[in-house]
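What follows is a set of notes on a single structure, which appears directly below.
The values are calculated or read from the model by the stated rules, or taken from the named source; none is laboratory data. All figures in this text were calculated on a predicted structure; none of them were measured in a lab. So basically every Cβ, Gly included, is an ideal-geometry build from the backbone, and we count neighbours across all protein chains shown. Only protein heavy atoms, including side chains, enter the accessible area calculation; ligands, DNA and RNA are left aside. Shrake-Rupley method; radii C 1.70, N 1.55, O 1.52, S 1.80 Å.
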Amino acid sequence: MSYVSLTINGVMVTVPKGTTVLNAAREAGVFIPTFCHDPNIPRFGACRICVVEIPGMRNLPASCVTEATEGMEVYTESPAVVEARKTILELLLANHPQDCLTCEKNGDCRLQDYAFRYSVKEAGFKGESKDYPLDDTNPYIIRDANKCILCGRCVRTCNAIPDRSVIDFGYRGFNTKIVTAMDTPLGESDCVYCGRCVTVCPVGALAWKPLAGKGRTWEMARQDVTCTFCDSGCVFEVLSKDGKNVGVIPKASGNGRPLCLKGRLGLELKYLDDPPPPYLKKDGEFAQVSWAEALGLEDILAKLDNKG
Amino acid sequence: MKSLLDKCCEKCTHGPQTPCRDFIKCRKTGPICHDDEACRQKRQNALSDIHLTKGSEKKNILICAGTGCTSSGSRKLVEVLQEELQKHGLTDKIKITITGCHGFCEQGPLMIVEPDKTFYVRVQDSDVAEIVEQNLVGGQVVERLLYKDPNTGEPAETYESVPFYAKQQRLVLHNCGHINPEDVAEYIANDGYAGFVKALLDMTPEEVIEDVKKSGLRGRGGAGFPTGMKWSFVRQATGDKKYVVCNADEGDPGAFMDRSVLEGDPHAVLEGMLICGYAVGADEGYIYVRAEYPLAIERLKIAIAQAEQYGILGDNIFNTGFNFHIKIKAGAGAFVCGEETALLTSIEGNRGMPRVRPPFPAQKGLWGKPTNLNNVETYANVPYILRHGGDNYAKLGTEKSKGTKIFALTGKVNNTGLVEVPMGMTMRDIIFTIGGGIQGGKKYKAVQIGGPSGGCIPEENLDLPVDYDSLTAAGAMMGSGGLVVMDETTCMVDVARFFLTFTQSESCGKCTPCREGTKRMLEILTRICDGEGNMEDLDTLERLGRVVKNTALCGLGQTCPNPILSTLRYFKDEYIAHIRDKRCPAGVCPNLLVYKIDQEKCKGCTKCAKNCPAGAITGEKKEPHTIDTEKCIKCGACLQGCKFNAIYKA
Amino acid sequence: MASCKCEQNLESQYQELQKVFDKYRTVQGALIPLLQEAQEIFGYLPGDVMKKISREIGVPFSKTFGVATFYSQFHLKPRGRNIIRLCQGTACHVRGAAKVFEAVSNDLGVDRNETTEDRRYTLETVACLGACGLAPVMMVNDDTHGRLTPDKAIAEIKKYD
């Protein structure tokens, strides 16, 4: 493999050819903020918060999609870069509810973290902002399109499984919105509630309904568990507060198989001190079901019953 | 033999399945495969019917059926003319040819009598009988229908003596308005496909690229990237399949040159694409035309069908083994699809959201294959380059911008229309000599060049030679070549707001700075126009403009602040007047205007009081009236209706 | 612009759609042309039609919806028999297009992108029709009308049933 050497903020870094500037910086321990970047899904280059200054290049390129080349000079916190990042954060905040105090994502939100880092106190611009109704029509995922920054990670992760592809970008320009087919609430769509989208959302636009109000992120202890429902081995996190297990959330999908609802419900039953009742969609409506039905164990149980 | 392109006798075997190498040459100077005087004569007769010589008994009436003249009623003229010719038994001697856009849309419908080059303007149905009787039968030009110089009143006998055309150098528009775009024979009679034949039969692909490089041709879509260099990247890219794509998604408000070329000379674009396909090693081409151009799409369909019929497009073209097919893709209404990566992703059937570059289309374009993308005007330049050689082409223009450029001259200028001039002509010449100066003798303020990506050129830069680099240095850009002329009654803040309204509604929404930034810039501009701005807004506009320019994903986003930045650069005083004095110096922004009645001029006819929907005007009959500024809704109805010019805005 | 074909029954419209599918079976990137042809048949893009198109060419329905809502040419609601498109281009703007729009809008009693109750007209604006020499300009269906005044525009529109 061939290597290239570049300087980042004056420090020489050597990386394999083909490495992005973002990854080179991360390898060198240099911080660059990102919203839309996710190493596991196709690159997108849309949020522009990761721009850097590279003398000789037109404008400020996005580091997540710019390849490091031999002799390149990169500046990650130059005045132009900082001005750009602050302005982008102000623009995002100007079109985002200022309700951090009650937001489920408080403490685990990139918008909040970066605003803190770049001391962006307020939106900075006054004008029209999004005003969509809250989508709270299913028992698992709460969607707040007003908090969405359109990074598209949910879309790209959902579309990674072709027969899911439940959501996509809809409309255009300022009216762009993440939509289901015909822009219905999620509960009326073909969503299977695997939760891949929730795990990648960097802000409070997607949240777990079963966890709502259960505690702040910093109050939670986390423990990785591997799902053994099938042999793909998806990883989930068990969240506990004050020694009590309160929720199970997906973390990373196993090879070749996506996260699924059944696996997560099974883990809830297994780990939670007080598992919430499971719901499944029946004739287009969500209905509370037995654990046996939720986990698809009815046939097996029936057989066991017969033997007994 | 009905058409120039038909076979002269049974000896000719040319057809799409059995192609002949010498087809194009044969049709003009043939027959080649056999010697027969009768056949030769047939060819010469067919040619001379297309190229009438001066003094010929036969005449050719050209009627412009471009979009402009059609909407001024040129289709009806054709019908009336046909009837009149029949009445006079002239149908054998006089041919009617429907042409594409002639460029002088302002004066439409246009009618030309060839070979005399007589040029009739604003021809109405009722004029046709007179033209037939006096000119075609009587041999006397109908003077009242000739173009007259607005300053001297001097009539122009031929189109060549019209100042609008005299200073132009029509190289790309050469055929536009002079041939029937729906007949490939006329294109071929005018040297059409000769450049392609030369490339295909006598040159290697590398030699073709070398010639295009030598010509110095740069992309006419806006950015001005050297065309030959782009072609060589595609040629060098590895891939089992390559594409040639033509960007005909002309979306800049104020630009319509691509439309005119497609409507008036579609084969020139096909020929340019064929040459490119041969040069880069592609066998398939797409033309992406915006849906708002139905006539252009229709003409292209006819042109492609005719080229296929005669074996100019298809497999084994002219028995050389070269294959090339062209397909049309109609856009679906999104300005951003004029951006190259958005255009490609749209052809693939997706939302037209731009992709990050690199990889560039030359490496990974349509369906991941190496793709050459140029716009209509660029391709239409190529046949000329091949026919005359890159060296000769490079003699035109300036050091770094070669050839000609077509501009769409619109706005408050006397002669609106399409103008093709050598690169390097001054803006003053374009606007004042060709364009005939400002309407109504008003004072020139600025010209906006390059549409929503461009900027404005004020009075002090009028003598700038127009080329890619000088425009960029002046804070504008060539863009597609839309020139919107503005006078003292144009408000520059309003102009900036107008362009931002456009880019804001056309932003695709993918990247943050463009999606959110255009919205905020527009809101600030609107506040300023409404008299609610403050001085800090100017700093904010500049900062937002700078950040959007620096960080947006695609060319549309990166250039959309230009109209703001350039008006701020040259007309900051107008912004300040809006903010500090709550005054619109040009008298445009309605919230900042007051309508007044000149007490000297008002005759007390009471018309304005009757017209006023708000009941804001009062006064006794035959006494000067007054406007109650509190009640006035600034609709302008009084002003439009006043016969005494007594009402004014201040 | 196809005139509305609401009289035609739904069944024959779907049959026509089926023929269109056959035409595009081997075409790459068929989604947009299919939506265009479907809109010609139905006058707009009903949800069921988009769903059918998605299934036919194996594209997620969510994507089809995303594409249909991206391009301004596509309409998800029924439209009028006559489509009025007023140009908002630069040249038209400086020559008073806004006044023409206002007059037409008041006369028809509809705003931008709205359809009159009798489905006779849909009022739209368009960025630039490229007929700037004739500014201000509008298109009614496929006809271009230039050098408009508010009164002239209204008079022209009345000629379309």
Of all residues being open to solvent by 20 Å² or more (accessible area, probe 1.4 Å) and in contact (Cβ under 8 Å) with a residue 60 or more places away in the chain in the stretch B:572-591, which is farthest from residue B:450 (Cα to Cα)? Just the residue, please. B:591
Number of the condition not met by residue B:414 [criteria: (1) under 18 Å from the mean Cα position of the chain (by Cα); (2) surrounded by fewer than 24 Cβ atoms within 10 Å (Cβ to Cβ); (3) closer than 14 Å to residue B:168 by Cα]: (3)
Taking the stated definitions as given, is residue B:495 among the β-branched types (Val, Ile, Thr), more than 14 Å from chain A (Cβ to nearest Cβ), closer than 26 Å to residue B:460 by Cβ and more than 24 Å from the chain's Cα centre (by Cα)? no
Residue satisfying condition, being within 28 Å of residue C:148 (Cβ to Cβ), charged (D, E, K, R) and not assigned by TED's automatic domain parsing to the domain that holds residue C:120, within set C:63, C:99, C:77, C:52: C:77
Would you say residue B:494 is of a type in the set (D, E, K, R) and not in a loop (DSSP other than H, G, I, E, B)? yes
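If a residue counts only when it is under 16 Å from residue B:378 (Cβ atoms), modelled with pLDDT of 95 or more and within 14 Å of another protein chain (Cβ to nearest Cβ), which helices (runs of 4 or more DSSP H) contained entirely in the stretch B:196-312 have at least 1 such residues? Please lay out each step first, then the result.
Working: elements: B:205-215, B:227-236, B:257-264, B:266-280, B:294-309.
Of the helices (runs of 4 or more DSSP H) lying wholly inside the stretch B:196-312, those with at least 1 residues that are under 16 Å from residue B:378 (Cβ atoms), modelled with pLDDT of 95 or more and within 14 Å of another protein chain (Cβ to nearest Cβ) span B:257-264.
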Checked A:33, A:42 against criteria (open to solvent by less than 10 Å² (accessible area, probe 1.4 Å), farther than 20 Å from residue B:558 by Cα, assigned to a loop (DSSP other than H, G, I, E, B) and within 14 Å of chain B (Cβ to nearest Cβ)); the one match is A:33
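For the stretch C:119-161, enumerate the residues that are basic (Lys, Arg) and touching a Gly at 6+ places or on another chain (Cβ under 7 Å). Spell out the reasoning first.
Step one: list which residues in the stretch C:119-161 are basic (Lys, Arg), which gives C:119-120, C:147, C:152, C:158-159.
Scanning the stretch C:119-161 gives C:119, C:120.
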Restricting the search to the stretch C:60-115, which residues are assigned to a strand (DSSP E or B) and at the interface with chain B (Cβ under 9 Å from one of its Cβ atoms)? C:85, C:87
Would you point out the residue of the stretch A:152-163, among those that are assigned to a loop (DSSP other than H, G, I, E, B), open to solvent by 10 Å² or more (accessible area, probe 1.4 Å) and not acidic (Asp, Glu), that is nearest to the other protein chains (Cβ to nearest Cβ)? A:162
Suppose the filter is buried (at least 23 other Cβ atoms within 10 Å of the Cβ) and among the aromatic types (Phe, Trp, Tyr); does residue C:65 pass it? yes
All positions within the stretch B:57-104 that are crowded, with 24+ Cβ neighbours inside 10 Å, away from chain C (no Cβ under 14 Å) and assigned to a helix (DSSP H, G or I): B:77
Being touching a strand residue (DSSP E or B) at 6+ places or on another chain (Cβ under 8 Å) and part of a loop (DSSP other than H, G, I, E, B) is the filter; apply it to the stretch A:275-308 and report the residue that is modelled with the lowest pLDDT. A:277
For residues in the stretch C:74-110 being in contact with a strand residue (DSSP E or B) (Cβ under 9 Å, 6 or more places away or on another chain) and surrounded by fewer than 18 Cβ atoms within 10 Å (Cβ to Cβ), which is farthest from residue A:157 (Cα to Cα)? C:105
Among (1) open to solvent by 70 Å² or more (accessible area, probe 1.4 Å); (2) without any contact (Cβ under 8 Å) to a residue 40 or more places away in the chain; (3) more than 13 Å from chain B (Cβ to nearest Cβ), which single condition is residue A:99 missing? (1)
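Tell me, yes or no, whether the stretch C:83-96 has at least one residue that is under 30 Å from residue C:150 (Cα atoms) and among the hydroxyl-bearing types (Ser, Thr, Tyr).
yes
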